[in-house]
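To start, the structure itself, in structure tokens.
The values are calculated or read from the model by the stated rules, or taken from the named source; none is laboratory data. Model, not experiment: these values are computed from the prediction. So basically every Cβ, Gly included, is an ideal-geometry build from the backbone, and we count neighbours across all protein chains shown.
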Amino acid sequence: MRAMNRRGFFGVLGGATVAAGVGVPLLSGIRGSTSAGTLLASSVPLPGRFTLPLVTPPVLAPVRSDATGDYYELVQRSARVELIPGMKTEIWGYNGIFPGPTIVSRSDRPTVVRHRNELPVPVVVHLHGGRTPPSDDGYPTDLLMPVGSAAEHQHGHDPAAVITMGERDYRYPPRHRAATLWYHDHRMDFTGPSVWRGLAGFHLVHDAEEDALPLPRGDRDLPLMIVDRSFAEDGSLRYPSLDPTLKTPGVTDAYGAGVLGDVILVNGVPWPVAEVSATRHRLRMLNASNARRYRLALDPPPPGGGGLVQIGTDGGLLDRPVRHDAIEMAPAQRYDVVVDFGAYHVGQEVTLVNEFGAGSTAQVMRFRIARSAKDDTRVPEKLSEIAALNPAQAVVTRTMRFRHDDVRGMAGWTINGQPFAPDVVHARARLGTVEIWRLTTDFHHPIHVHLAPFQVLSRGNGGPGSYDRGWKDTLDLRPAEQAEIIIRFDGYAGRYVFHCHNLEHEDMAMMGNLLVT
Ligand code: C2O
Ligand code: CU
Ligand code: CU
């Protein structure tokens, strides 16, 4: 089918004119910009800031729980929802909402999620940050076809693809530490527009180690999915797809480096305000944007500064807390922070600002300190144990070059000069071994590896940066930078991917196969 036809993809992108078109945002992107990409402005008047209340996505109840695990069901469907006050926006959502329902798991319990596809296109579900068997990891060609679609659609260009009609289970075995994970669409060539339309949700994992810590919990533990979007005058989402039905891939020339919106949504609400007590709160910040990077800070900062106390990241708790004045977040990354609103006075307003933004994107949300309350939480000096992977144990050092490239005479993005194709293997790793990957780049690329979390060894000639601590699954690689990461391939053998998580880059071939044997 066409969705898997790479020749069709590059054909759609066209020839030399496209190469020139992509070149322009690239150059402007390198000079002083903080995100790869081009702004797609809304044509609707932007909604007011800090007037709409923050909501948190509903927690999904299991349909069944027994000795074999917890069973959930989700229906992927389109829905008309109110994102901009007074307007209706058609989204694609898990259970018809954006963000999708939050799945909450225990690390020692198997979780099974049954997905039913009532959308007009195939989908693929990936649990980002999960250590998942290859059959359930959401390989980009393992399509879940729409309910009732014809069998002829089953034939693709990837003979190894597993195609399912209508409904399927994704099985997540119980072997993850507590962490803020998320699930999202991962269909080859179409992840950008699908996530933009709303196919993303939280999947939180708890464990006994985290339970034993005196951290804020309950309604003082807030997942915050931060995205940028653009809206047309009728309230619909704008996205520069060449084919709005998402049957053939590609975006218009100007957006080949990434799509940036001018409306910031937190949990689907534009610039929300949250009323909080003057106590510690845990904020699980996820950058689910397609291409936008953020530098988040509190305005005003609390007396003495260091108001963002980082306790966790992509792969769960850090070994010890790190105090930041600001946190830089690339797409797909998670930063768990504790903010002590007790450092402010009741009635005060504190804005979460984006120092990488300009105009409407310079602000994210606001907290209003509404009342005092008892607070028996604290952030202990020791949070967890993180054993450093030892570079001496690495069996191989690989170099991965991420760059804007000519792909068979057309514009695209490659890894080591190779565009993604299901049958091109970029790395073969042996199960149980440790490898060092040296990542180099021309440009901003958030590099994500499936299956195996990693640790950052170095950036340039220095050590890891201040946002690189702990177990990561996505590295914020910056222009002309070289970073080294160390990975242990534990868990499962099989076919996985690693890729740039700028979703427009990913859709334009910046993805590689990782074969674990
Ligand atoms: Cu969040 Cu391969 O993706
Ligand atoms: Cu992933
Ligand atoms: Cu990229």
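Data table
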| item | result |
| --- | --- |
| Residue ID - farthest from ligand 3 (Cβ to nearest atom), chosen from residues in the stretch 243-257 that are buried (at least 17 other Cβ atoms within 10 Å of the Cβ) and under 11 Å from Pro193 (Cα atoms) | Leu246 |
| Residue satisfying all of: in the stretch 426-441; within 16 Å of ligand 3 (Cβ to nearest atom) and without any contact (Cβ under 8 Å) to a residue 60 or more places away in the chain; farthest from Val396 (Cα to Cα) among these | Thr441 |
| Residues (of a type outside the set (A, V, I, L, M, F, W, C), outside any helix (DSSP H, G or I) and within 12 Å of ligand 3 (Cβ to nearest atom)) located in the stretch 493-511 | His499, His501, Asn502 |
| Any strands (runs of 3 or more DSSP E) falling wholly within the stretch 433-492 and containing at least 3 residues that are more than 16 Å from ligand 1 (Cβ to nearest atom) | 434-441, 454-459, 482-488 |
| One residue from Arg398, Arg334, Arg378, Arg368 being among the basic types (Lys, Arg) and in the same structural domain as Phe443 (by TED's automatic domain parsing) | Arg398 |
| Yes/no for Val425 being away from ligand 2 (no atom under 16 Å from the Cβ), surrounded by fewer than 18 Cβ atoms within 10 Å (Cβ to Cβ) and over 29 Å from Tyr183 (Cβ atoms) | no |
| The stretch 469-494, residues that are closer than 27 Å to Pro173 by Cα and either more than 21 Å from the chain's Cα centre (by Cα) or away from ligand 2 (no atom under 14 Å from the Cβ) (or both) | Arg469, Gly470, Ile485, Ile486, Arg488, Phe489, Asp490, Gly491, Tyr492, Ala493, Gly494 |
| Matching residues, the stretch 325-334, being over 14 Å from Glu355 (Cα atoms) and either within 16 Å of ligand 3 (Cβ to nearest atom) or surrounded by fewer than 24 Cβ atoms within 10 Å (Cβ to Cβ) (or both) | Pro331, Ala332, Gln333 |
| Pair list, Cβ under 7 Å, 6 or more apart: the stretch 446-464 residue free of Cβ contacts under 8 Å to residues at least 24 places away in the same chain, other residue more than 12 Å from ligand 2 (Cβ to nearest atom) | Gly460/Glu481; Gly460/Gln482; Pro464/Val456; Pro464/Leu457; Pro464/Ser458 |
| Among (1) more than 21 Å from the chain's Cα centre (by Cα); (2) within 26 Å of Arg488 (Cα to Cα) - the single one Arg131 does not satisfy | (1) |
